[in-house]
Amino acid sequence: MKDSLFYLPVKIGNVELKNPFIVASGPTAKRIDQLKLAEKCGWSAASIKQTFNPLPYINYQPRYRWLKKEKVHVFTAEYRLNMEQGLRLVEEARKKCKELVVIANYSYVAGQDIDGWLDAARRFDSAGAQILELNLCCPNMSFNVDISERGKKEVRPSSGASMGQDEDAVRWVIENTRKVTRLPLIAKITPEGGRISEVSKVAFESGAAAVSSVANRLGIPAIDVWNYKKPIYNLQGQNTMACLSGPWIKPLALRDVFEIRKLVGPEPHINGTGGVASMEDAVQMMMCGADSIGVCTHTMIAGFGFLEKWMKSLRDYMKTMGFQTARDMRDLLLTEIKPASELTVWAGYAQVDPEKCSACGLCLEIGHCNAIVLTDASAEIDPGLCQGCSTCIDICPKKAIWMADKRI
């Protein structure tokens, strides 16, 4: 299989993945038929649906919306696996999936002691999991309640994003888990709180073999202002905060990976997730510092079969660029992304091609620009007033505007 289309190996700890693409923990990794199909379609690994030890204090049947125009996937209610379901899924996957690396994703919420975390680690290890993923990111449980009920005195069980912002909690979980298993540990860290790189550094110092970056973020999706009491979700009675994922989040996810890599250095393994919906998205993640790529939302919308197309495109891209391994693509943007203090900005101005311009007037409406006038024939731009911002280029429906560089 090493000469196959899908062989582009990376490692997490001592476990080799045949390629960088992982089915991230979520609704497409909760049944054995899904895992078997993922393996058939060439995925290297799958992180099973989040398992709670014991069942979480909030657990509903799922309520999703795919907001196609905004490219946002949102969910409020969600169902997780209980411990026995998670264990059986791992056991069955190890029997029926010969190449797929099986990752157990789990959390513990009942109380503040460490025993539940350690019990889950031991049992998943015994069930055959090849990697353990400690879920310290899920925002729609404790963190949802923390935000929505801010100011109340009631103390609730802590899990997910409520723990994943706290270096001491992350260190506590990882160091103790490291004592009871030799399996590689992935710490799945929340971006909520804006300190994902600092917490990731502590995770590595505590014994994690990898960190997984952004999963999704808590927010308020679109609301019908004419009927604001009615939620956009079917079969749900109230508005609530939702977990938001999908392509919209990719710029933030790239930043998370970039910041982690800049802080932790070149050695640790980073699994980049968030908004990956194309081969190009995956390469961007690698260029910002990711070793492997987790995909969840796109598998929910498009299944698993698109990976073959991605791998073919990736092979063609690598051949054109002269890359031999996945590592060759990693970190290429680390020195290319400059701080604002180091930017080079030079003078120029926009020009109009009168043969292409339809005199539609859209560029005339730009609120911050006073350089454009409209004649009977076409738009015209005064080079002396144009500041070179490029807004007119981006909104022109005829692609009739281009930027002249004053250095030339």
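The values are calculated or read from the model by the stated rules, or taken from the named source; none is laboratory data. Keep in mind the model is a prediction, meaning the values are calculated, not measured. Quick reminder, even Gly has a Cβ in these numbers, built from the backbone with ideal geometry, and neighbours come from all protein chains shown.
Annotations for the structure displayed:
The rows are residues; the columns are (1) hydrophobic (A, V, I, L, M, F, W, C); (2) in contact with a His (Cβ under 9 Å, 6 or more places away or on another chain).
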| position | (1), (2) |
| --- | --- |
| VAL345 | yes, no |
| LYS356 | no, no |
| ALA359 | yes, no |
| ASN370 | no, no |
| SER378 | no, no |
| CYS389 | yes, yes |
| ILE393 | yes, no |
| PRO397 | no, no |
| ILE401 | yes, no |
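- Qualifying residue in the range 208-225 (condition: assigned to a helix (DSSP H, G or I) and in contact (Cβ under 8 Å) with a residue 60 or more places away in the chain): no
One line per residue, one yes/no per condition, for (1) in the same structural domain as CYS288 (by TED's automatic domain parsing); (2) outside any loop (DSSP other than H, G, I, E, B); (3) closer than 30 Å to ARG255 by Cα:
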position	(1), (2), (3)
ALA350	no, yes, no
SER358	no, no, no
GLY384	no, no, no
CYS389	no, no, yes
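- Failed item, numbered, when TYR7 is tested on (1) modelled with pLDDT of 95 or more; (2) within 20 Å of the chain's Cα centre (by Cα): (2)
- Residue list for the range 226-241, restricted to those being on the phi < 0 side of the Ramachandran plot, exposed (fewer than 10 other Cβ atoms within 10 Å of the Cβ) and part of a loop (DSSP other than H, G, I, E, B): TYR228, LYS229, ASN234, GLY237, GLN238
- Residue check, PRO266 modelled with pLDDT of 95 or more and out of contact with any helix residue (DSSP H, G or I) (no Cβ under 9 Å at 6 or more places or on another chain): yes
- The range 32-63, subset in contact with a helix residue (DSSP H, G or I) (Cβ under 8 Å, 6 or more places away or on another chain) and part of a strand (DSSP E or B), residue farthest from SER292 (Cα to Cα): PHE52
- Residue among TYR349, TYR317 that is farther than 25 Å from ILE48 by Cα, of a type in the set (Phe, Trp, Tyr) and in contact (Cβ under 8 Å) with a residue 40 or more places away in the chain: TYR349
- Residue identified as assigned by TED's automatic domain parsing to the domain that holds ASP33 and buried (at least 21 other Cβ atoms within 10 Å of the Cβ) among ALA127, ALA77, ALA121: ALA121
- Selection status of LEU263, part of a helix (DSSP H, G or I) and surrounded by fewer than 17 Cβ atoms within 10 Å (Cβ to Cβ): yes
- Any hit, the range 249-258, residues being assigned to a strand (DSSP E or B), assigned by TED's automatic domain parsing to the domain that holds ALA46 and within 22 Å of GLN165 (Cα to Cα): no
- Checked against the criterion of being modelled with pLDDT under 95 and crowded, with 24+ Cβ neighbours inside 10 Å, the candidates ASN135, ASN105 yield just one match: ASN135.
- Boolean, ALA282 is assigned by TED's automatic domain parsing to the domain that holds VAL23, under 13 Å from the mean Cα position of the chain (by Cα) and surrounded by fewer than 20 Cβ atoms within 10 Å (Cβ to Cβ): no
- Count of the range 161-207 residues, restricted to those that are β-branched (Val, Ile, Thr), buried (at least 16 other Cβ atoms within 10 Å of the Cβ), in a loop (DSSP other than H, G, I, E, B) and over 20 Å from the mean Cα position of the chain (by Cα), is 1.
- Members of the range 285-309 that are crowded, with 24+ Cβ neighbours inside 10 Å and out of contact with any Gly (no Cβ under 9 Å at 6 or more places or on another chain): VAL295
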